Amino acid sequence: MLQFGRERLICHAAFRVLIVDDDPSQRYLLRLLLEDMGAATQEAVDGSQSLPLFQQWRPDLVLMDMQMPAMNGLEAIRRIRATPAGAKVPIFLVSACPAPGLETDALAAGANGFLCKPLVGKILHEKIRTVLDIGGEGHE
């Protein structure tokens, strides 16, 4: 990663993450946290928009919000898992307010894990490092 003042230029992304969330501020926060790790990101505003983007871009990881218009996160995870490309890609369900049983429902839908909002950068980085088997504090 090259740094010029406050702007960063990522020359070669270490991995690709699809961010799916209807809240622009959440997408922005996730993008900053992920780019700090050296990730390339793409964004979708709901589950239905994420499906073709997933097929075209083939991310290494998906961060999927739960509550979204058009298609919620659980249904989008099920549909991604039903595709050959989506069978093994790690997917984390992200929710601001975990209802009783939501984590169980997420795992049953095919999620690899569950993250609570607001996200803490260190926890997110640790989860990603573990699931993608990468190391370091970021890619400089």
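Just to be sure I understand, how many residues within region 57-83 are modelled with pLDDT of 95 or more, out of contact with any strand residue (DSSP E or B) (no Cβ under 9 Å at 6 or more places or on another chain) and loosely packed, with under 14 Cβ neighbours inside 10 Å?
2
Exactly one of these conditions fails for residue 110: (1) closer than 16 Å to residue 15 by Cβ; (2) surrounded by 15 or more Cβ atoms within 10 Å (Cβ to Cβ); (3) modelled with pLDDT of 95 or more. Give me its number.
Going through the list (1) closer than 16 Å to residue 15 by Cβ; (2) surrounded by 15 or more Cβ atoms within 10 Å (Cβ to Cβ); (3) modelled with pLDDT of 95 or more, residue 110 breaks only (1).
Report those strands (runs of 3 or more DSSP E) wholly inside region 4-119 carrying at least 3 residues which are of a type in the set (Gly, Ala, Ser).
39-44
If you go through region 2-18 one residue at a time, do you hit one that is surrounded by 17 or more Cβ atoms within 10 Å (Cβ to Cβ), modelled with pLDDT of 95 or more and out of contact with any strand residue (DSSP E or B) (no Cβ under 7 Å at 6 or more places or on another chain)?
no
Here are some conditions: (1) of a type outside the set (Lys, Arg); (2) without any contact (Cβ under 8 Å) to a residue 60 or more places away in the chain; (3) surrounded by fewer than 18 Cβ atoms within 10 Å (Cβ to Cβ); (4) not in a loop (DSSP other than H, G, I, E, B). Residue 131 meets all but one. Which one does it not meet?
In the conditions (1) of a type outside the set (Lys, Arg); (2) without any contact (Cβ under 8 Å) to a residue 60 or more places away in the chain; (3) surrounded by fewer than 18 Cβ atoms within 10 Å (Cβ to Cβ); (4) not in a loop (DSSP other than H, G, I, E, B), residue 131 misses (2) alone.
The values are calculated or read from the model by the stated rules, or taken from the named source; none is laboratory data. Bear in mind that the values here come from a model prediction, so they are computed numbers and not experimental data. Quick reminder, even Gly has a Cβ in these numbers, built from the backbone with ideal geometry, and neighbours come from all protein chains shown.
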